[in-house]
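Asker: A single structure is presented below for examination.
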Amino acid sequence: MNIWMLKQDCSNYASVYSVPEFTADEIQSFDGRPKAAEWQELNVKIYDEDKTLPISDFLGFTIPIFSEKAVEVLHPLLDGSAEILDVNLQNRRFYAVNVIAVLDVLDRENSKYLTYRDGQRIMVIKDYAFIKNVELMQHNIFKLAEEPVRRPFVSDVFKNTVEQNGLTGFDFKLVWTDNIK
């Protein structure tokens with residue numbers, strides 16, 4: 001079993017910004033709280049329209065934004081772990097993926113991290129280790145309780161599904177492996 005940090009390939013594909021731009025509070029609110037009930041379609045624009053970078057299935061933005069094709073392919077893996085929220089890019093349908101599965105699965109004993117002065121709250125995690133439990137096994141996309149506003153993590157199943165279906169713009173960083181079956 002591997003856990004991957006989900007990243008966007010912003011070097012080879014277009015990134016977007018919201019119109020109007022998100023405030024710091026709005027960005028911080030993507031911490032696992034459901035948003036579907038109050039969500040209104042988000043309008044986004046390409047950052048540097050002169051660059052001619054192609055639009056991918058995973059747009060570079062503060063939160064994951066997937067194409068219609070990516071949502072179709074990944075929907076079974078997102079169900080129960082994320083909300084799918086409407087996004088408009090130049091009259092093309094995209095979807096913000098609000099990850100609501102925030103799991104308490106960080107193995108603090110085997111992870112390497114820095115804490116704030118209180119010695120309890122984690123400031124930054126340098127090396128991840130996870131507790132392989134039922135909760136971890138039930139989610140193909142999730143965030144950590146210690147980092148609810150940071151990038152989501154995904155399973156091998158998620159990564160393999162992206163690759164097998166030729167979805168573009170996705171980048172994965174291996175952060176943990178557990179070879180125990």
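Coordinate-derived values only; no laboratory data. Nothing here was measured: the structure is a model prediction, and the numbers come from that model. Reconstructed Cβ throughout: ideal geometry from the backbone, glycine too, with neighbour counts over all protein chains shown.
Asker: Rounding to the nearest 10 and keeping the result within 0 to 90°, find how far the Cα-based axis of helix 68-78 lies from the longest principal axis of the chain.
Answerer: 20
Asker: Hey, fewest Cβ within 10 Å first, where do Asp156, Asp127 land in order?
Answerer: Ranked by crowding around the Cβ, least crowded first: Asp127, Asp156.
Asker: Which order do Thr52, Thr177 fall in if you start with the one that has the fewest other Cβ atoms within 10 Å?
Answerer: Details: Thr52 8, Thr177 11.
Fewest to most other Cβ atoms nearby, the residues stand as Thr52, Thr177.
Asker: Looking at Leu6, Ser18, Ile65, which one has the Cα that reaches farthest to the positive end of the dipole of region 1-116 (charges on Cβ: Lys, Arg +1; Asp, Glu -1)?
Answerer: Of Leu6, Ser18, Ile65, it is Leu6.
Asker: Relative to the Cα centre, what is the charge dipole magnitude of the chain, using +1 at the beta carbon of each Lys and Arg, -1 at the beta carbon of each Asp and Glu, and rounding to the nearest 20 debye?
Answerer: The dipole of the chain has a size of about 400 debye.
Asker: I'd like to know which of Phe158, Val134, Gln120 lies farthest towards the positive end of the charge dipole of the chain, counting +1 on Cβ of Lys and Arg and -1 on Cβ of Asp and Glu.
Answerer: With unit charges placed on the Cβ atoms, the residue in question is Gln120.
Asker: Suppose only helical runs count, i.e. DSSP H with n ≥ 4. What mean residue ellipticity at 222 nm does that imply for the chain under -39500 (n - 2.57) per run, divided by all residues and rounded to the nearest 500 deg cm²/dmol?
Answerer: So the helix-based figure for the chain works out to -4000 deg cm²/dmol.
Asker: Shifting gears a bit: Which value, in debye to the nearest 20, gives the size of the charge dipole of region 22-63 about its Cα centre, when Lys and Arg are +1 and Asp and Glu are -1 at the Cβ?
Answerer: The calculation lands at about 100 debye.
Asker: Rank-order 113-125, 141-153, 30-42 by packing density, defined as the average count of other C-beta atoms within 10 Å over each peptide's residues, highest first.
Answerer: Packing order, densest peptide first, comes out as 141-153, 30-42, 113-125.
Asker: Order of 157-169, 53-65 by packing, highest average Cβ count within 10 Å first? Let's see the in-between values first.
Answerer: On the way: 157-169: 15.9, 53-65: 20.5.
By packing density, highest mean first, the sequence is 53-65, 157-169.
Asker: Tell me which lysines have Cα within less than 30 Å of Lys143's Cα, excluding those fewer than 8 residues away on the same chain?
Answerer: Lys7, Lys35, Lys45, Lys69, Lys112, Lys126, Lys132, Lys159, Lys173, Lys181
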